[in-house]
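Heads up: the structure comes next, in structure tokens.
The values are calculated or read from the model by the stated rules, or taken from the named source; none is laboratory data. Just so we're clear, the structure is a prediction, and the values are computed from it rather than from any experiment. All Cβ positions, even for glycine, are placed from backbone atoms using ideal geometry, and neighbour counts span all protein chains on display.
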């Protein structure tokens, strides 16, 4: 028999496995087609082109209820990416801070951080999201509280920021001599506008940074040849600020302040409560896990490193920054990646607070209104799969780079 | 003080003075506080800020928790009592809702006269996992572990006892048949014959046989439909079933991922990465809307079973990664030692590799369980009545419409108790395993 | 190790679930229980009480059907469904009928392939707003923040209304009524919009209901009714005529108080006689017992009684009959003749 011949054994097993797998797949597909036939809902994606009919409150690209379902899904996708991006950054900052503070020699601080970590790790994230939303809604003043001659609530920071239970209104950047927008992808559902002002500003910023690096390289050369490092900070500051100020002045930059108009605040940028609650809950929840990772990473560095750094006369802060963290990073990064992935996947719980991410649009209202569960869910899974693979790909690439530098 | 050296040296002390007490400022509470709280200006500021923070939080929470109403029939009655007692309705909890509904939050709609069944199942669960988790537990308890998978469904769902017994007999056929036939017709052929026999037994004989036996000798419990499951019972049940079922699947997937058979490896990696790449909520959407479509026309599982299937697949992918970690942590010498003894692949896996790899993986398995247990709250989004789902239903009762924090505080508290104790256990285990290895 | 948990569960569920076939009524009778899809919780329409008993207006329809078919109003498995899961649950045969505030629309009937057997509540989408904002018409809502419950026709109606009137608004989509209520009360949205019945029910539970007004505009028609799968007309007939029996009984004055008297002997109204099975063979035509309607009515009385008990003016929800009065009283309820 083929199975007893070592030459063919693995091949036989693999062929059998392959046939089994294909039979299973064929069986599932066959069932699906048969069932869909009975239901009278053959697989077709035509409904994506039909008008969605519903509105989305937060959109990074323009959208109205006459746009297609696909466009709505795209808006949702951008919202998912936005909250995942913000969440990952905040979670990292808070996580590193808490992880370091848990090792603080101040007993009380270390204890408070322990309580924070245990509280967040051991209660489901969905509960935290709902609670964060409830806290924001219940504890902040409604816009109506700002009204009247003696309002109960006032705007913060010289009347520039309004913190309400509908969200936070912050001043928005406006350009009176704007260059306009650059329109990408014509009329397709994926179309979006890129602000040319933003591109110009970014270009100037990058040029400034490049100039600063050239300056420090020059300073390094001088230091190496003469032993004296020329003073560069004022030149650097100039390189950074002067071009930026000139460009902003040319574009006619000014801030648009939020003000009470009708039912709501108008003007300014509106950070909605749903976004803030989701962002807050996801980053605090994930930060608790990251804190443990960071703590583990720091503890994994042998004590001799700290002592050696102390012997060199480095202060505790510098020891942490220059000696411990760079080494701990190698231990920290792989689990950090999986936590970023978790955060991105957990952002799908946005429907609990009404944040219109892709689960809320494609997997929520679109699915309800069209009744095309199979198509919507498959597409939804595909989108998340691609996001996950991209994140882990990028992070693995970075991870490998860190490893190479170490060796 | 002695006088022996009086002539040579003017003063010398040749006997020890009794030890002096350390200064009062460096021992006891004060010393501890100086060392740990006020060791420098920065620390002092941090301590003061922390104290202020704690005082602020406690001042808000404590009155709310303790100056509260425990007996009332509705939220409005609660508010009236608060108004009468404290003159305001804010800042006081209305625990009356928990008082009235706590059994529902724990057991869902499980018939109240049958509560002993889930409780017994839970106690048996603890007994069943004890020999795996605690070294001091007697090994005889492993019999409970072996019987538990058959006893638990019977306790929870009820019905005739013959069903679980017949299913268990199928496993006996599989196990002893394989052993018996291995010596007669070779291990592989024996295994295949035993598997086929067991499958025939399960698919064609168990159903009619247990029905017949049930009619002949009606030993059974009152059946409970899974729709009546809810609350924490549902969360724990989904978590336990998912972890229990995902363990064997996870082992197979982990082995497949490690194997050098290209196609098998590709299938396993594809499955694991797919499941790990999508959020659980999309898998639950599959459970709630698509799983019946994937099955042969006319098949109809009930929703709790569908959710269990999808959560099991979800947990299996994570379990596979945990076990892969355990496999990777084993020194290569173990594999080579097994090979040198002349054991074949399955023998070495069964006798050498897996017992060690699984032991190393237990903390990971426990954390996977914690994760799955917490994630069971997501089933409320597809309309199952887990604690969060029930909290919505309770709030739609017009008596409790508008209540909020009390329910969430109670649910969060229970989740915390469960997960915290499990994570403590996992840490204890990690410490123990560490010393074992050194 | 614990693979058999799964197998054990499978066998148990196999017993409970069975296999759906074309004739739903046979399935229901063989199973001995009716699987009825309801909402996870809408005050007055469907919610479990402290004992886990489902109560409400929609629930009463399920119980009446169970009583008519099986003779036992408690032989109902209530399956809580969300806006997302309700249609698939019905299409896949997980539930036999859906009684969950579902609006009868063209696309649901034709495209999603369901049969709406009738209307048990005529509703319409309205707006609720705090009195202090001084708004008297929905046309003044330009720029308002609006709380909506997702998964319904509500969000489409809302988008249409604001587009047609050329106004802007900020939608706040919310999953459950309880959450929406909390946000509205805290002022996180100016307006709460959902079916007018839901608004009234929600307002009734506020600390100070008088501080909130429901605007006069009703921006949509929302006929809510039970529905079944396309293609099983026998079953559809049973549900349709059970609902009609409840409505007709009110019209003819059959109540739970006089039901047993009227059912025991033929009365002088032939319509009542045919309904209650003392004359003719309507039950037989449906494939049920002759006294099917008596059993259905025996659960909680006629439509009017069910209405009064669950959502009527004597309850905290306090809905007036309005459109849901009998046609003889100027409403829209009009049961076809029992003949």
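In the set B:163, B:190, B:170, which member is away from every other protein chain (no Cβ under 11 Å), in a helix (DSSP H, G or I), touching a helix residue (DSSP H, G or I) at 6+ places or on another chain (Cβ under 8 Å) and buried (at least 18 other Cβ atoms within 10 Å of the Cβ)? On inspection, the qualifying residue turns out to be B:190.
Restricting segment C:163-172 to residues that are touching a residue at least 12 places away in the same chain (Cβ under 8 Å) and either under 21 Å from the mean Cα position of the chain (by Cα) or not in a loop (DSSP other than H, G, I, E, B) (or both) leaves a set whose member that is farthest from the other protein chains (Cβ to nearest Cβ) is C:169.
Condition check ((1) surrounded by 13 or more Cβ atoms within 10 Å (Cβ to Cβ); (2) over 30 Å from residue B:260 (Cβ atoms); (3) in the same structural domain as residue A:376 (by TED's automatic domain parsing); (4) modelled with pLDDT under 85) across all residues:
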{"position": "A:6", "(1), (2), (3), (4)": "no, no, no, yes"}
{"position": "A:9", "(1), (2), (3), (4)": "yes, no, no, yes"}
{"position": "A:19", "(1), (2), (3), (4)": "no, no, no, no"}
{"position": "A:23", "(1), (2), (3), (4)": "no, no, no, no"}
{"position": "A:28", "(1), (2), (3), (4)": "yes, no, no, no"}
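Taking the numbered list (1) free of Cβ contacts under 8 Å to residues at least 60 places away in the same chain; (2) within 13 Å of chain C (Cβ to nearest Cβ); (3) closer than 30 Å to residue A:74 by Cβ in turn, residue A:129 passes all entries but (1).
The set of residues from segment A:84-117 being over 19 Å from the mean Cα position of the chain (by Cα) and touching a residue at least 40 places away in the same chain (Cβ under 8 Å) comprises A:98, A:99, A:100, A:102, A:103, A:113, A:116, A:117. In segment B:240-262, the count of residues that are within 13 Å of chain C (Cβ to nearest Cβ), surrounded by fewer than 18 Cβ atoms within 10 Å (Cβ to Cβ) and within 22 Å of residue B:366 (Cβ to Cβ) is one or more.
Just wondering, is there one or more residues in segment C:141-154 that are closer than 21 Å to residue C:322 by Cβ and either modelled with pLDDT of 90 or more or over 20 Å from the mean Cα position of the chain (by Cα) (or both)? Among the residues of segment C:141-154, not one is closer than 21 Å to residue C:322 by Cβ and either modelled with pLDDT of 90 or more or over 20 Å from the mean Cα position of the chain (by Cα) (or both), which makes the answer no. Taken over segment C:78-91, the criterion of being outside any strand (DSSP E or B), at the interface with another protein chain (Cβ under 10 Å from one of its Cβ atoms) and touching a residue at least 40 places away in the same chain (Cβ under 8 Å) is satisfied by C:82, C:83, C:84, C:86, C:89, C:91. Of all residues in segment A:148-172, those that are part of a loop (DSSP other than H, G, I, E, B), more than 8 Å from chain C (Cβ to nearest Cβ) and surrounded by 14 or more Cβ atoms within 10 Å (Cβ to Cβ) total 4. Can you find even one residue in segment A:247-255 that is within 28 Å of the chain's Cα centre (by Cα), under 21 Å from residue A:153 (Cβ atoms) and assigned to a strand (DSSP E or B)? No, segment A:247-255 contains no residue that is within 28 Å of the chain's Cα centre (by Cα), under 21 Å from residue A:153 (Cβ atoms) and assigned to a strand (DSSP E or B).
Being farther than 21 Å from residue A:334 by Cα and touching a helix residue (DSSP H, G or I) at 6+ places or on another chain (Cβ under 6 Å) is a property that does not hold for residue B:279.
For the condition surrounded by 19 or more Cβ atoms within 10 Å (Cβ to Cβ) and within 8 Å of another protein chain (Cβ to nearest Cβ), residue C:126 does not qualify. Right, residue C:116: in the same structural domain as residue C:239 (by TED's automatic domain parsing) and without any contact (Cβ under 8 Å) to a residue 12 or more places away in the chain or not? It is false that residue C:116 is in the same structural domain as residue C:239 (by TED's automatic domain parsing) and without any contact (Cβ under 8 Å) to a residue 12 or more places away in the chain. Looking for something touching a helix residue (DSSP H, G or I) at 6+ places or on another chain (Cβ under 9 Å), loosely packed, with under 13 Cβ neighbours inside 10 Å and part of a helix (DSSP H, G or I) - is there at least one such residue anywhere in segment B:128-141? Yes, some residue in segment B:128-141 is touching a helix residue (DSSP H, G or I) at 6+ places or on another chain (Cβ under 9 Å), loosely packed, with under 13 Cβ neighbours inside 10 Å and part of a helix (DSSP H, G or I). Is it the case, given these coordinates, that residue A:73 is touching a residue at least 40 places away in the same chain (Cβ under 8 Å) and either touching a strand residue (DSSP E or B) at 6+ places or on another chain (Cβ under 8 Å) or not assigned by TED's automatic domain parsing to the domain that holds residue A:370 (or both)? Considered against the rule, which asks whether it is touching a residue at least 40 places away in the same chain (Cβ under 8 Å) and either touching a strand residue (DSSP E or B) at 6+ places or on another chain (Cβ under 8 Å) or not assigned by TED's automatic domain parsing to the domain that holds residue A:370 (or both), residue A:73 comes out as no. Taking each residue of segment A:26-49 that is more than 7 Å from chain B (Cβ to nearest Cβ) and looking for partners that are in a helix (DSSP H, G or I) with beta-carbon atoms closer than 6 Å, six or more apart or interchain, yields A:39/C:91; A:42/A:36; A:45/A:375; A:47/A:370; A:48/A:69; A:48/A:70.
Residues satisfying the criterion are absent from segment C:173-190 (criterion: assigned to a loop (DSSP other than H, G, I, E, B), modelled with pLDDT of 90 or more, buried (at least 23 other Cβ atoms within 10 Å of the Cβ) and in the same structural domain as residue C:293 (by TED's automatic domain parsing)). What do you reckon, is residue B:120 surrounded by fewer than 19 Cβ atoms within 10 Å (Cβ to Cβ), without any contact (Cβ under 8 Å) to a residue 24 or more places away in the chain, outside any loop (DSSP other than H, G, I, E, B) and not assigned by TED's automatic domain parsing to the domain that holds residue B:213? No; evaluated as a whole, the condition is false for this residue.
Looking only at segment C:59-77, decide whether some residue is within 9 Å of chain B (Cβ to nearest Cβ), modelled with pLDDT of 80 or more, touching a helix residue (DSSP H, G or I) at 6+ places or on another chain (Cβ under 7 Å) and assigned to a strand (DSSP E or B). Looking for residues that are within 9 Å of chain B (Cβ to nearest Cβ), modelled with pLDDT of 80 or more, touching a helix residue (DSSP H, G or I) at 6+ places or on another chain (Cβ under 7 Å) and assigned to a strand (DSSP E or B), one finds at least one in segment C:59-77, hence yes. Taken over segment A:222-240, the residue count meeting the criterion of being in a helix (DSSP H, G or I) and touching a residue at least 12 places away in the same chain (Cβ under 8 Å) is 4. Select from segment A:370-397 the residues that are within 30 Å of residue C:105 (Cα to Cα), more than 7 Å from every other protein chain (Cβ to nearest Cβ) and in contact with a helix residue (DSSP H, G or I) (Cβ under 8 Å, 6 or more places away or on another chain) and write down the one among them that is surrounded by the most Cβ atoms within 10 Å (Cβ to Cβ). Filtering segment A:370-397 for residues that are within 30 Å of residue C:105 (Cα to Cα), more than 7 Å from every other protein chain (Cβ to nearest Cβ) and in contact with a helix residue (DSSP H, G or I) (Cβ under 8 Å, 6 or more places away or on another chain), the one surrounded by the most Cβ atoms within 10 Å (Cβ to Cβ) comes out as A:376.
Among residues of segment B:33-52 that are part of a loop (DSSP other than H, G, I, E, B), those with a Cβ under 7 angstrom from a residue that is crowded, with 18+ Cβ neighbours inside 10 Å, sequence gap 6+ or separate chain, pair up as B:37/A:106; B:37/A:108; B:37/B:43; B:37/B:47; B:38/B:47. Among the conditions (1) in a helix (DSSP H, G or I); (2) crowded, with 22+ Cβ neighbours inside 10 Å; (3) in contact with a helix residue (DSSP H, G or I) (Cβ under 8 Å, 6 or more places away or on another chain); (4) more than 14 Å from chain B (Cβ to nearest Cβ), the only one that residue A:76 does not satisfy is (4). Answer yes or no: is there a residue in segment B:324-335 that is farther than 21 Å from residue B:257 by Cα and modelled with pLDDT of 85 or more. Looking through segment B:324-335, none of the residues is farther than 21 Å from residue B:257 by Cα and modelled with pLDDT of 85 or more. Selection of segment B:212-231 for residues being more than 20 Å from residue B:151 (Cβ to Cβ) and either modelled with pLDDT under 80 or part of a helix (DSSP H, G or I) (or both) yields B:212, B:215, B:216, B:227, B:231.
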